[in-house]
Each structure stands twice: as structure tokens, then as C-alpha cells.
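All remarks here apply to the structure that follows.
The values are calculated or read from the model by the stated rules, or taken from the named source; none is laboratory data. Because the structure is a prediction, the values reported are computed rather than measured. We place every Cβ from the backbone using ideal geometry, glycine too, and count neighbours over all the protein chains shown.
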Amino acid sequence: MKNKLCLTLITLATITSTGCATITKDANQPVQIETYSNSNELVTDATCTAKNERGEWSVESTGTVNVHRSGENLIIKCDKEGHDTGHGTVISRANGSMFGNILFGGGIGAIIDHNKGTAYSYPDWIRIILGENLVFDRKHNKDNEVMIGQPSSSDELKAIEEEKTAELNKIEEEQGSAE
């Protein structure tokens, strides 16, 4: 009986001292990038650079780049000679596993996941249109389907950032009430 109690306490201590997303998510995430012309023709071998506060990565399209997860948006720029530059703002959103912190990880788990970036994800497959500036919001992402971006404006990006902040505040409130 003592051994089972000790094992249970060790398991609970381990769960509460680490974040849920840290256990279930890698700090890196593959993002597949396709490039198309504004006449909807596939453009290959465009040089695409993805950047957030955790680093910068490059890939030739159509290709997959492994980026470090972050709560910050991913900014993508694709260039190919003879075409205008394509830009994408890829919106990061909190993973469902962040809510697992409410039950298991508490504040410590949320802090660990936030700092490592494992609490967040980007869309996993996007289509950059050369010559356009598009927004790709993970909220609308469907697994195993290419995400078509929406034209961006500074007002739209501001609204998305406000919505993300409200989501994170809600998570923090729920964690506070669960502790």
C-alpha cells in the first residue's frame, strides 16, 4: 500500500512540475509552404524565410520548414526572380493542451509551456501567393488541408492580437481558479 501511495505521489509531483504541452508537443513544428502566382499557378523554388522571436529559417518552395513554436506570430517572406514578393503573417494560437495545465500543471506548467513555446502552434500547411500579403490564422486550420490566406490589414491583425490576448487571459483566469 505504501509503495502505491509513493508511486502515486511521485506521478502527481511529476505531472504538476511539468507542463502538459511540454510532454505532448515538440518545441519545433513543421510548416509546409507552397507558393503560387497571383494567377493561381504553382511556383516552385521560391526562397521562403520564416521568422519569429526564436529564430529564422529558410526553405525552397514547395517545402517544409521546422520552426520553433512561439506565442508570437510567424512572419514569412517568399521571393522568386520574375515575381513579386509574397508575405504571410502566420497566427500562433494556444494549443488545447494549455487547458490541460488547468487540471494538471497549474501555473508552473503554463509558464514552462509558454517559455518553451510548446503551448502554441501554427497552421501546418499554407499557400503563399506571390505579390500578396496574407494572414493565416490557425483558428481556421483543418488538419491535412492547405490553408488559403486572407488579405491582411493592420486593423484585422490588431483584432486578431486582441482576440489572442483575451484567450490567454481566459486561460490564466481558469488556471487561477483551479489552483
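Couple of notes before you dig in:
- Residue pairs whose Cβ atoms lie under 6 Å apart, separated by 6 or more positions or on different chains, with the first residue in the range 45-58 and farther than 14 Å from Gly88 by Cα and the second part of a loop (DSSP other than H, G, I, E, B) and acidic (Asp, Glu), are Glu53/Glu72.
- Residues of the range 68-81 satisfying the condition of being surrounded by fewer than 23 Cβ atoms within 10 Å (Cβ to Cβ) and assigned to a strand (DSSP E or B): His68, Ile75, Lys77, Asp79
- Meets criteria (hydroxyl-bearing (Ser, Thr, Tyr) and at pLDDT 90 or above) for Ser92: yes
- Extreme residue, farthest from the chain's Cα centre (by Cα), among residues of the range 116-134 that are among the hydrophobic types (A, V, I, L, M, F, W, C) and modelled with pLDDT of 95 or more: Leu130
- Matching residues in the range 140-152 - criterion: being modelled with pLDDT of 80 or more and surrounded by 10 or more Cβ atoms within 10 Å (Cβ to Cβ): His140, Asn141, Lys142, Glu145, Val146, Met147, Ile148, Gly149, Gln150, Pro151
- Scanning the range 26-61 for residues that are more than 15 Å from the chain's Cα centre (by Cα), farther than 24 Å from Asn144 by Cβ and not polar (S, T, N, Q) yields one hit, Asp45.
- Qualifying position, being at pLDDT 95 or above and in a loop (DSSP other than H, G, I, E, B), among Asp26, Asp45: Asp45
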